[in-house]
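Each value in this text was obtained by applying a stated rule to the coordinates, not by laboratory testing. Here the structure is a predicted model, which means the values were calculated and not measured. A quick note on method: Cβ atoms are made from the backbone with ideal geometry, for glycine too, and the neighbour counts reach across all protein chains shown.
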Amino acid sequence: MCDSKEVEFSLKVMINKEKTKVLFAEVDSHFADILLSFLTLPLGRIIKVLNNHYGDDKAASIGSLSSLYHSLVNLDSSHFWTEGAKHTLLNPRSSIEDEYKRLKLNIAEFQPTKYFCCSHHSKSNRFPSVSVYYDNIATCNISECGDEMIEKEENEKGCKAASGDGVFTINTTSFIITDDLSMLPSETGLFGIIINLGITDADKAEASDVTFGFTEILGLLKASLISQTPLSDLILNISRQTNLVARFESETSFNQIENDQTSASKKMILKVVTQISTGKLLYVQAKDDFIDFLFSFLYIPLGGVKHLLAGRACVKAVNNLYRSITHLIDDEYFKTPNTKDRLMKPNVTHGCISDNHMLPLTEESLPDTYREASWFSSAKFPNGKGHYLKGPRTYHVTDDLTVTPFCFVSILSSLNKQKIAIYDDVKEVELQIGLKEGLSILKASLTSTSALSDTLLNHTSLKQPKAEIKV
């Protein structure tokens, strides 16, 4: 695995005359591969990597995702079917880890895949039987075999990229990257680059050589999610993180998937509690199925989120990176014919989708050598595909997706401390959450620390006059 923190990249950068903005940078294919790899990382893995590097207190807050992940860390393991279920959510894997391990610099901290192999059937080519879960599965479930399951670890693959091979892009070209992460092959030509990337004042720019290492790459990952000008932020140490996100639009069209909804599609019930005088969302009372759904955000790759949201996720830099793949970089510059599609629509890893999923996600298929894995049930989902959380159980969810077990006494105490008149100024409304609302919450979670207000307060049911709640 090529994860050496000694690896460095040389960037040729053009900076405006006032030294207030990076116009663009020219990078090699290895750097371009790492930038594109951001789209393959699950959201929870991004939060984990940034927290590990910067520390929980110093890591930038990524919308409501940071507080959601922190809630998962703090939620007692007794709420989950197994410790393995919580571990899987805290450490989501990528469906294209083999490619990721071949990057010149690996920031994702993926560990080798562990699996359980039947001590009897694994010796036969006819029954290459394995389980790909982390759980302690004691015996084989094939027919009446009952042999002991042996834990094994996948062998590491060599780092071919370091010796010159490309991973996502061909290694014979360089790329131009703008301050807001639009990317185009250098071979496009002078005016093609200037026009397509909207570069201005290039005739007044000054050239500079810049070195990026492990710390700078992590900084670029962080800045791509919170800034409109990530290159300027890092190279010139200029932060423009204010006014990052345009006003949230809850009515955004989400691809064609919303049109494919049927009346039989999954719905979840929430009790939304608001303050009448201010219209402020106080909290949401939810069952374990909704919390399972929220935690599912953590294993969705960033590129998968972009696909679900039809390329609109409010984060301009990530939008531009995704658009570069779909509109600016021709197929001939990608390593294989299916690379482009895998970056645009990365699957989630095999076995992570629970019964409470609502979003149209696709799991990565197991390799042919693991084709008998379906004969095993995972302790994560004891009866096959199931739930992460035990239920029925009720939870308290705040506006920034902080999840805690529901405690009636704590809620009353909090309302009293805020001097909110419980009998006269509190309203409770039951809402049905379907695919449209689920996608809206996912979108808001990327950029907003008030994800629930942004998506639920405009709901028709909340706009209608309601009787005050009697708590």
*Per-residue HN-Hα couplings for segment 204-211, Karplus 6.51 cos²θ - 1.76 cosθ + 1.60 at θ = phi - 60°, whole Hz, x for Gly and Pro?*
10, 7, 10, 8, 8, 9, 10, 10
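Based on the alpha-carbon gyration tensor of segment 26-103 and its eigenvalue square roots a ≥ b ≥ c, which shape applies: rounded if a/c is under 1.5, prolate if not and a/b is larger than b/c, or oblate?
Numbers: a/c = 3.17, a/b = 1.66, b/c = 1.90.
Oblate.
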*Residue by residue through segment 409-425, which ³J(HN,Hα) values in whole Hz follow from phi under the Karplus form 6.51 cos²θ - 1.76 cosθ + 1.60 (θ = phi - 60°), with glycine and proline marked x?*
4, 4, 5, 4, 4, 5, 5, 5, 5, 7, 6, 8, 6, 4, 7, 10, 10
_N347 versus E187: modelled label distance in nm, points set 7 Å from Cα along the beta carbon direction_ = 3.0
*Convert each backbone phi in segment 84-98 into a coupling constant with the Karplus relation 6.51 cos²θ - 1.76 cosθ + 1.60 (shift: θ = phi - 60°), then list the ³J(HN,Hα) values in order as whole Hz, x for Gly and Pro.*
x, 5, 5, 4, 4, 6, 6, 10, x, 9, 9, 6, 10, 5, 4
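If packing is taken as the average number of other Cβ atoms within 10 Å across a peptide's residues, how do 41-54, 11-24 rank, most packed first? Can you show the working numbers first?
Values: 41-54: 21.4, 11-24: 17.9.
Peptide ranking by packing, descending: 41-54, 11-24.
Beta carbons within 10 angstrom, averaged per residue: use that to sort the peptides 396-408, 176-188, highest first.
Working: 396-408: 18.1, 176-188: 22.1.
The most tightly packed comes first, giving 176-188, 396-408.
Among the listed pairs K104/K306; K267/K419; K101/K306; K48/K427; K267/K417, which are separated by more than 31 Å between their Cα atoms? Before the final figure, lay out each step's value.
Working: K104/K306 25 Å; K267/K419 34 Å; K101/K306 23 Å; K48/K427 37 Å; K267/K417 34 Å.
Table pairs above 31 Å Cα-Cα are K267/K419; K48/K427; K267/K417.
Arrange the following residues from fewest to most other Cβ atoms within 10 Å of their Cβ: F212, F290.
Details: F212 21, F290 24.
With the sparsest Cβ surroundings first, the list reads F212, F290.
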